[in-house]
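The values are calculated or read from the model by the stated rules, or taken from the named source; none is laboratory data. Values in this document were obtained by computation on a predicted structure and should not be read as measured data. Virtual Cβ from ideal backbone geometry, glycine too; neighbours counted across all protein chains shown. Ligands, DNA and RNA are stripped out before the accessible areas are found, and what is left, the full protein with its side chains, is counted by its heavy atoms. Shrake-Rupley method; radii C 1.70, N 1.55, O 1.52, S 1.80 Å.
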Amino acid sequence: MDETMEGMGNKGALLSVTGGNNASKTPAILARRLLGELQETPIGRGGGVSIGGDGISPSLGMQDVEMENSLQISPSYHQTKEQSQELIDAAVQAAKKSPDPHVPGRMKGSPFRAHPEIPSENQNENEQKDDVMDLPTPHKRKRSSSPPAPSIDLSLLEALEKSQQNSIETLDLKTLKRLALSLERRLNANTAARLKYPDNPDKFADSELELHDELQKLKILAGAPELYPDLVSLGTVNSITALLNHDNTDIAIDAVTLLQDLTDADVVEDNEDSAQVLVHALLENNAVELLVQNLARLNDNDSDESAAIYNTLSTIENLIEVKPSVSDLVCEKTKLLKWLQARIKVREFDSNKQYASEILAILLQNSVANQKRFGQMNGVDTLLQAVAMYKSKDPKTGDEEELVENLFDCLCCLLMPLENKERFVKAEGVELMIIIMNQKKSCYGSAIRALDFAMTNYPPACERFIDVMGLKTAFPAFMVSVFVLLWLIIPLSKKNKKRIQKEELEERLISLIASLFGGILRGSRRERLLSKFVENECEKIDRLMELYMRYSDRVKVETERLEELELDDLEIDEDEKYNRKLDSGLYTLQLIAVILGHLWTSEHSRMRARIELLLKQQKLTKKHVKDILQNRIVSGPDPHSRPGRVYLMQRPNGSPTVSATSNRTLADSKEYHDNIGDLDGPEEKERARSKILKFISALT
């Protein structure tokens, strides 16, 4: 066998040996054998190899020689200099720490060096003496009496070389061009083979394996998003997008996985400009349409295709994250909503059903067009059927809990347009939510939230709520401390106890009662609502004033804190101040003041006397309530400039979901009570303002 030794003038050289078939040895044994073999290797005229502190380096004047074993020392095209030197140093250290009496050239306590004084069999004595004189005087040693060292197991070095070849290359424009060119060649070869042998898969199978390998190599580009503009200019994005429609489903899956990696949120987070360029190119090449089209041929029962479904949804979410307008585009130009609807209808739970519900919630969240579009597809009834499965049972796992929360998020988003509220009432959604509340399962809070959305600014839903005995369900929850409600009445898991926040349920119930007063203005239903505040010695007015004082104190503390910040010369504009007060409880305080205004204007003597007594006990007057109402008029909610007030989406584990269309979390995406649903026109706004002025006048 021939053995060559090439010059190694830098520290970035690698040892690569090919041979046998045994890769189960340890790195220490591998290093000892390799170094021992180097020491015993005959060296040609004028050459030699030494192992010192700087690694393995050749002596000057080394020439090619023939050796008995196949050993090749060559630079590796897959390693940087630093990585190669680390490999050599590690091998040397491993051999030093694992002494082996069978390794030739190694003596206990001696420097770790290979000596080139051993002559080759095909050299005469004169040549040998000349060579030795040109080299440093070697240390003489006696031959070991131990058995000769076995021949080196070349498979070990082969395995080591292969493991290093998988290292990530230096990512630059040159590497990108090489990868792009290689992909184009493989793609063209595969296309040509398929056209030439359309009925003979064996003829193009190899080309598709090569194409698969090239797509896998392109995944390293996710480590250099700054190269995305170059990737687009080279036209590689066009080729990748075209592969989504490849006849071989496996190749299409490879393309989906690659796009998911390239658009991952963690990858593009600090490279927004590059991400915008990539996403724009994908949209120009109809990537969204092809992604959704590819979903139709994927089978959820196959593990690989099921993973591809998940990656497809993830890619769509990533595109929306970078470019929010994609949420409208994907619903307008594709059948994604129809696919998601069919996926949600499946009764069995799996991870893809959960992810489908999450994507649907993202699509519906900030797009009125999508809300109306899905409503026209009988989406309200679909979601009601999906949540009805959990009216009398709790989800079994944390992932299933998240699915249920996603479904309710979708339902609440869908109830924004007025026509969907009507569909909700006709589909007996109010009755279903009351049943869920009465069952006191984990969906209890979500049912209250859905009713809040359905009843706001929609009197028919309020009337239906009273007609089906909703007051009997809502007011006991209003009277009980939410802490007790969560821990004693509702049998929830520990995770759910942490998830459902006390303030959120209180705000929901207060908002629901305010909706009832705003939607039921006269008649027997109004009398039934008012009578609830008189029964049991006006206990509900007592509870209302308790909440009024709690939220009033919280707003007062926040106001004082903001004043201290101003004294410290920290500039805070008026909008920011108002928003911070809203977050501290001002919004709920305003709702309570509105309810008190409704009670006061009812001119019921017992209720008025009770309100005045409770205010006096707290050393307050009606002026305090008037000021809260006046503040609502002057600094009232502007749907175009301020976030809303309801907690739209909150994960079961307590961690908020990142909004696909903004930088804030969905848990912070709140909707003001008076602006849930279609935005009020000028007439409706003036009517609401007149109502508040009427309360202020009555309290004077």
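A few remarks follow.
- Screening V267 with (1) closer than 21 Å to R186 by Cα; (2) open to solvent by 20 Å² or more (accessible area, probe 1.4 Å) gives one miss only, at (1).
- Complete set of residues in region 519-540 that are part of a helix (DSSP H, G or I) and touching a residue at least 24 places away in the same chain (Cβ under 8 Å): G519, R525, R528, L529, L530, C538, E539, K540
- Condition met for N301 (more than 19 Å from the chain's Cα centre (by Cα) and outside any helix (DSSP H, G or I)): yes
- Helices (runs of 4 or more DSSP H) wholly inside region 541-634 that include at least 3 residues being open to solvent by less than 80 Å² (accessible area, probe 1.4 Å) and among the hydrophobic types (A, V, I, L, M, F, W, C): 587-601, 605-617, 622-634
- All of A454, A477, A461 fail the test of being farther than 23 Å from G523 by Cα, in a helix (DSSP H, G or I) and either open to solvent by less than 20 Å² (accessible area, probe 1.4 Å) or of a type in the set (G, A, S) (or both), apart from A477.
- Condition check for N301: within 24 Å of L415 (Cα to Cα) and open to solvent by 20 Å² or more (accessible area, probe 1.4 Å): no
- V380 vs. criteria in a helix (DSSP H, G or I), at pLDDT 95 or above, among the β-branched types (V, I, T) and over 30 Å from I240 (Cα atoms): yes
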